[in-house]
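The values are calculated or read from the model by the stated rules, or taken from the named source; none is laboratory data. Note that this is a predicted model, so its numbers are computed, not measured. Every residue, glycine as well, gets a Cβ built from its backbone with ideal geometry; the counts of neighbours run over all protein chains shown.
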Amino acid sequence: MLKDQSILAVQVSHFGCGGVAICLLFRHVIVDGATAANFVKTWAVIASCGGNDDSATIIKDLVFDCTSIFPPRDHSGSSTRSSGAGAILFSSSETTRKRFIFEGSKISALQDKIGNRTTRFEAVFTLMWDAITAAKREGDDFVATIPVNLRKRMNPPIPEQCIGNILTIIQTNWPTEETINYSSLTEKVHELVSMVNDDYVKKAYPNGWILNRATNGAAGRDTRRRRLFMISSWCNLPLYKSDFGWGNPELVAPVGRVNSGDNISVCVWDTTDGAGIEAWMFMSKEEMAKFEQDPGVVAYASFNPTT
């Protein structure tokens, strides 16, 4: 954990077999997934190019100052204390972690089954939502939260290399008394994501989601007790394309254990071939046992116990 005001912490570990692991920890208030992925890729290019013209071009494309897009504001009178929801999110309850692989061919078959020109992420999200709903405790009410990268949704679009916490969060749920309809749920998610356009961004989130949440606290938040299914997609980001001179990474993984409290967290990103999706699930042991035996998970995913 970053206990001081550091933005970034890095640890490099060398192993007897010759392998190397690079561990990074960012301060999320100014660094989102796109920032982190592009930072690592840029760092790798500079390290492997040795400061030649290629690395100079990469550095030139980086955008550090976003004040023309998100002008600074005076928040001196705003409260930044954590809300009750935050206390639940970061509780000390332990969760278990497992990695599931959705191969490209399996995702294609799932997309064909769902229809509606479903994206890879929408297909995997819907399958996991169905499995989580089946594994949940009786009486639970789940809400799914999905971060959305704003860079390509603004007019004009801002570069992917733009540094900052430039995202918003959409939420969706499904009536607990209804059976999951894959086609309807993916269409619902697609519509919600499509709503996030330039006009939406400038009106609703002029400061980015993290700062907006911190300054507004619990204002306007639904106070009913709901569990969260928090899914973060890093698909299409260059996670497996960061060559420091030793070749591309063999494995990208979240560090440690996420304490999600009573909620469920999952991080998804592309497999090494770019066609599939790997999902790192964080949930209670009881629900994980049910999740990995779900017929949909068994049919379309594989479990990798070696990581």
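Points to keep in mind about this one:
- Hits in segment 122-135 - residues which are surrounded by fewer than 19 Cβ atoms within 10 Å (Cβ to Cβ) and touching a helix residue (DSSP H, G or I) at 6+ places or on another chain (Cβ under 9 Å): Ala134
- Counting the residues of segment 155-171 that are more than 15 Å from Leu237 (Cβ to Cβ) and surrounded by fewer than 18 Cβ atoms within 10 Å (Cβ to Cβ) gives 6.
- Test: Ser183 is under 22 Å from Ile277 (Cα atoms) and either over 22 Å from the mean Cα position of the chain (by Cα) or modelled with pLDDT under 90 (or both): yes
- Among the candidates Asn259, Asn248, the residue that is of a type in the set (S, T, N, Q) and at pLDDT 90 or above is uniquely Asn248.
- Filter result for Arg153 (at pLDDT below 85 and either more than 24 Å from Gly276 (Cβ to Cβ) or not polar (S, T, N, Q) (or both)): no
- Residue within segment 154-174 that is without any contact (Cβ under 8 Å) to a residue 40 or more places away in the chain, farther than 22 Å from Leu228 by Cβ and under 21 Å from the mean Cα position of the chain (by Cα) present: yes
- The condition of being over 17 Å from Asp243 (Cβ atoms) and either within 22 Å of the chain's Cα centre (by Cα) or at pLDDT 60 or above (or both) does not hold for His75.
- Checking each residue in segment 221-235 for being among the β-branched types (Val, Ile, Thr) and modelled with pLDDT under 90 picks out only Thr223.
- Residue list for segment 85-116, filter: modelled with pLDDT of 85 or more and either over 21 Å from the mean Cα position of the chain (by Cα) or part of a helix (DSSP H, G or I) (or both): Gly104, Ser105, Lys106, Ile107, Ser108, Ala109, Leu110, Gln111, Asp112, Lys113, Ile114, Gly115
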